[in-house]
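The values are calculated or read from the model by the stated rules, or taken from the named source; none is laboratory data. Predicted model only: the values in this text are computed from it and were never measured. Heads up, the Cβs are rebuilt from the backbone with ideal geometry, glycines too, and the neighbour counts pull from every protein chain shown. Protein only, heavy atoms only, side chains kept; ligands, DNA and RNA dropped before computing areas. Shrake-Rupley method; radii C 1.70, N 1.55, O 1.52, S 1.80 Å.
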Amino acid sequence: MLARVWSASLYGLDAVRVGVEVDVSGGLPGTVVVGLPDTAVQESRERVKAALKNSGFAFPMRKIVVNLTPADLRKEGPSFDLPISLGILAASEQVDPQQLGDYLFLGEVSLDGSLRPVSGVLPIAAAALQMGMTSLVVPEANAREAAVVKGLSVYGCHNIAEVVELLNPPNTAKPVEIDLDRLLADDRQFHLDLKDVKGQAHARRALEIAAAGGHNLIFVGPPGSGKTMLARRLPGILPPLSFDEALDVTKIYSVAGLLRNRGTLVTQRPFRSPHHSASGPSLVGGGSYPKPGEISLAHRGVLLLDEMAEFKRDVLEFLRQPLEDGCVTISRTRQSVSFPAQFTLVASTNPCPCGYYGDPVQPCTCSPRQREQYWAKLSGPLMDRIDLQVAVNRLKAEEITQQAMGEASQPVRSRVQMARERAAVRFEAEAICCNAEMQSRHLRQWCQLDNASQGLLEGAIRKLGLSARATDRILKVARTIADLAGDETVGANHVAEAIQYRTIDRMH
């Protein structure tokens with residue numbers, strides 16, 4: 001007898017519906033799986049056989065052929081265990097095949113018949129409605145994750161027996177429901193607050209501008225000046241994620257298999273801080289079956305590169321295209337997948353190997369050639385893509401010993417939120433959410449300069465040797481400064497402040 005069960009497979013963040021066809025016929029007993037299965041899918045034969053027997057079902061001692069369609073797409077992972085099990089039960093008349101048509105099944109089975117969670121459930125659930133499916137059956141541990149998708153009935157089961165009971169009428173099971181408003185309202189307090197930072201008013205201002213406009217930022221200064229302390233407090237002043245943004249971020253973490261420890265929905269902006277020994281593939285993603293890397297895991301959040309000059313130059317160059325395009329495309333022989341990568345880069349570095357070049361107290365012990373080689377890792381094209389370049393100086397003695405705390409993160413976050421809301425109104429008809437994502441046509445419309453501002457900008461271009469890209473970055477930062485001030489137009493004072501954040505890459 002022939003039976004068909006619906007499942008799905010992931011290619012990047014896109015889901016493709018997979019038909020699991022099972023034929024049980026006469027012949028020598030054995031199970032064959034075809035349709036470009038990987039090793040994990042091939043091994044499902046033994047898992048399914050033991051799981052059905054230990055769940056009290058009869059495993060047919062006949063020839064079983066399992067076909068995964070479409071046959072020209074590679075199938076990977078253990079998520080096909082459950083649909084293969086149900087296909088065998090339906091083909092051997094232990095389950096009514098007519099009850100399978102409206103369901104899509106995902107799940108790994110253990111030898112005792114229990115269901116284990118799998119990765120990538122959320123993007124499959126989001127695509128299930130477009131596939132024409134109305135119900136999704138997943139392991140209990142994945143149920144709340146999938147229930148985030150509106151309009152889809154999601155059932156979580158502990159074992160194969162529960163799934164069979166669900167399919168056999170009368171069906172009294174209720175789909176899983178979650179309160180999305182309550183999830184998004186979960187405003188947990190950040191442990192790192194700006195009030196702990198002493199002094200550094202100039203750097204704090206740059207951090208606020210970066211948060212308000214989504215601008216990339218680098219701090220350069222001697223050891224102990226507070227660069228890393230400042231950078232780690234950027235997530236605490238960013239506005240909360242919207243539902244659509246949270247859904248995009250959660251999809252990435254689901255595909256990467258990192259959602260199990262983060263709850264149902266990622267409601268806080270991601271913060272990723274890879275070590276300087278990280279490789280290029282770990283940063284941008286990769287593998288035989290491409291998975292998202294650190295820059296995609298930082299989507300809609302913050303990517304911190306502490307001691308940026310210690311990273312390998314070729315690794316840093318991987319960042320150039322994602323910083324410009326907001327996505328990363330990974331090409332392999334059989335497939336090419338794209339992952340979103342719209343993140344705010346915040347970096348810190350010393351001005352030289354010893355860290356004290358330009359310090360008024362500690363003399364630098366590096367030769368000019370050593371400083372040149374140190375800064376050579378940060379190429380001109382890469383620095384052009386960093387909007388705010390801030391010198392962080394050594395704290396004065398009275399600043400170190402002061403007892404008064406600085407401004408807390410909460411009022412700063414409120415100002416950032418208001419600036420973002422002004423930008424959202426301006427870009428209501430556009431597919432962008434912050435000033436850093438503006439293109440040339442947006443600059444011409446929203447960053448028009450008067451004669452004084454124009455002359456100021458032209459003088460900076462000649463004096464600093466700025467490229468066209470760096471000039472556009474100045475205009476974007478000036479637009480954000482105007483938003484923080486509540487001004488509709490970009491003035492000379494906004495341009496002047498933005499220009500001062502473009503001088504670090506000339507100090508070496």
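Data for the structure
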{"quantity": "Residue among PHE59, PHE80 that is farther than 29 Å from SER338 by Cβ, open to solvent by less than 50 Å² (accessible area, probe 1.4 Å) and either hydrophobic (A, V, I, L, M, F, W, C) or in contact with a Lys or Arg (Cβ under 9 Å, 6 or more places away or on another chain) (or both)", "calculated": "PHE59"}
{"quantity": "Tally of residues being among the polar types (S, T, N, Q) and assigned to a loop (DSSP other than H, G, I, E, B) across the stretch 323-362", "calculated": "5"}
{"quantity": "Pair list, Cβ under 7 Å, 6 or more apart: the stretch 452-480 residue more than 24 Å from ALA210 (Cβ to Cβ), other residue hydrophobic (A, V, I, L, M, F, W, C) and assigned to a helix (DSSP H, G or I)", "calculated": "ALA452/ALA492"}
{"quantity": "Of the criteria (1) without any contact (Cβ under 8 Å) to a residue 60 or more places away in the chain; (2) open to solvent by 30 Å² or more (accessible area, probe 1.4 Å); (3) part of a helix (DSSP H, G or I), which one ARG47 fails", "calculated": "(1)"}
{"quantity": "Matching residues in the stretch 423-441 - criterion: being surrounded by fewer than 19 Cβ atoms within 10 Å (Cβ to Cβ) and in a helix (DSSP H, G or I)", "calculated": "ALA424, VAL425, ARG426, GLU437, SER440, ARG441"}
{"quantity": "Of all residues in the stretch 388-417 being without any contact (Cβ under 8 Å) to a residue 40 or more places away in the chain and not polar (S, T, N, Q), the one that is nearest to GLY326 (Cα to Cα)", "calculated": "PRO411"}
{"quantity": "Candidates PRO360, PRO368 - the one that is more than 21 Å from ILE237 (Cα to Cα), open to solvent by 70 Å² or more (accessible area, probe 1.4 Å) and modelled with pLDDT of 90 or more", "calculated": "PRO368"}
{"quantity": "Failed condition for GLN448, given (1) free of Cβ contacts under 8 Å to residues at least 12 places away in the same chain; (2) in a loop (DSSP other than H, G, I, E, B)", "calculated": "(1)"}
{"quantity": "Search result, residues across the stretch 205-216 that are open to solvent by less than 30 Å² (accessible area, probe 1.4 Å) and part of a helix (DSSP H, G or I)", "calculated": "ALA206, LEU207, GLU208, ILE209, ALA210, ALA211, ALA212, GLY213"}
{"quantity": "Number of positions in the stretch 403-422 that are surrounded by fewer than 19 Cβ atoms within 10 Å (Cβ to Cβ), of a type in the set (A, V, I, L, M) and within 14 Å of THR480 (Cα to Cα)", "calculated": "1"}
{"quantity": "Selection within the stretch 217-259 - open to solvent by less than 30 Å² (accessible area, probe 1.4 Å) and hydroxyl-bearing (Ser, Thr, Tyr)", "calculated": "SER225, THR250, TYR253, SER254"}
{"quantity": "Among (1) farther than 30 Å from ASP244 by Cα; (2) out of contact with any Gly (no Cβ under 6 Å at 6 or more places or on another chain); (3) open to solvent by less than 90 Å² (accessible area, probe 1.4 Å), the one test that LEU395 misses", "calculated": "(2)"}
{"quantity": "Residue match in the stretch 470-488 (condition: surrounded by fewer than 20 Cβ atoms within 10 Å (Cβ to Cβ), closer than 30 Å to GLU372 by Cα and β-branched (Val, Ile, Thr))", "calculated": "yes"}
{"quantity": "Verdict on ALA15 being within 31 Å of the chain's Cα centre (by Cα), surrounded by 17 or more Cβ atoms within 10 Å (Cβ to Cβ) and at pLDDT below 95", "calculated": "yes"}
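Table: residues versus (1) in a helix (DSSP H, G or I); (2) among the acidic types (Asp, Glu); (3) at pLDDT 95 or above.
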{"site": "ARG260", "(1), (2), (3)": "no, no, no"}
{"site": "GLY263", "(1), (2), (3)": "no, no, no"}
{"site": "HIS276", "(1), (2), (3)": "no, no, no"}
{"site": "SER288", "(1), (2), (3)": "no, no, no"}
{"site": "ILE295", "(1), (2), (3)": "yes, no, yes"}
{"site": "HIS299", "(1), (2), (3)": "no, no, yes"}
{"site": "LEU304", "(1), (2), (3)": "no, no, yes"}
{"site": "ALA309", "(1), (2), (3)": "yes, no, no"}
